[in-house]
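Scroll down for the structure; my scribbles are underneath it.
The values are calculated or read from the model by the stated rules, or taken from the named source; none is laboratory data. Not measured: the values here are computed from a predicted model. Every residue, glycine among them, receives a Cβ derived from its backbone with ideal geometry; neighbour counts consider all protein chains shown. All accessible areas refer to the heavy atoms of the entire protein, side chains included, with ligands and DNA or RNA removed. Shrake-Rupley method; radii C 1.70, N 1.55, O 1.52, S 1.80 Å.
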Amino acid sequence: MEEEILEEESTQLKKSKKNIILITVVAIVGIVAGTVGTFIGNTISNKVHGKEEPPAVEQKFSESEVTVPLEEFLINLAEGKDEEMSYIRIELSLLTTSEKNAEVINTSKDLIRDSVVNKLRQKNSESILAEKNGVNKLKNELKDQINKDYGSALVREVFITNLVIQ
């Protein structure tokens with residue numbers, strides 16, 4: 001009787017060892033198959049979709065040009081059609097052609113701020129927001145006004161970095 005129990009336990013022990021080995025082998029084969037499949041899939045995908053480096057983006061501005069940020073403006077706008085008062089909070093950066101011109105902008109900030117304030121006081125919220133290309137038109141008007149008041153083409157481009165009209 002004891003011999004039968006020992007044989008039965010021995011048989012069960014052998015079966016459990018076989019099951020553990022079988023599970024381990026199946027897991028290893030699954031991991032290897034998944035890795036190989038992923039590698040082959042990525043390789044085929046790259047050939048089909050032609051993974052190439054994206055083309056280099058052309059620089060719109062030259063490396064010698066410099067942007068100069070200005071402090072925030074908070075200005076009452078002109079009355080609109082509805083005769084309600086509104087205001088604009090705007091932050092600008094000015095693009096200029098050289099480091100020397102950037103220094104001129106920094107030393108002439110009062111003149112530049114005055115130009116911007118005077119131009120914006122003539123605008124109403126409808127002319128900026130409702131008109132087609134109103135913001136782009138405003139940027140060009142600000143650039144022209146600053147250059148006119150300064151007396152030369154100091155500013156090449158005006159960037160609006162923040163704009164709130166209320």
Of the candidates ASN106, ASN118, the one satisfying the condition of being modelled with pLDDT of 85 or more and in contact with a helix residue (DSSP H, G or I) (Cβ under 9 Å, 6 or more places away or on another chain) is ASN118
Within the stretch 60-103, residues being loosely packed, with under 13 Cβ neighbours inside 10 Å, within 25 Å of the chain's Cα centre (by Cα) and either on the phi > 0 side of the Ramachandran plot or among the aromatic types (Phe, Trp, Tyr) (or both) number 1
Members of the stretch 137-166 found to be part of a helix (DSSP H, G or I) and either surrounded by fewer than 19 Cβ atoms within 10 Å (Cβ to Cβ) or of a type in the set (D, E, K, R) (or both), listed by number: LYS137, LYS139, ASN140, GLU141, LYS143, ASP144, ASN147, LYS148, ASP149, TYR150
Among the residues of the stretch 114-136, is any under 16 Å from LEU94 (Cβ atoms), of a type in the set (Gly, Ala, Ser) and open to solvent by less than 30 Å² (accessible area, probe 1.4 Å)? yes
Would you check if ASN162 is farther than 16 Å from LEU77 by Cα and in contact (Cβ under 8 Å) with a residue 40 or more places away in the chain? yes
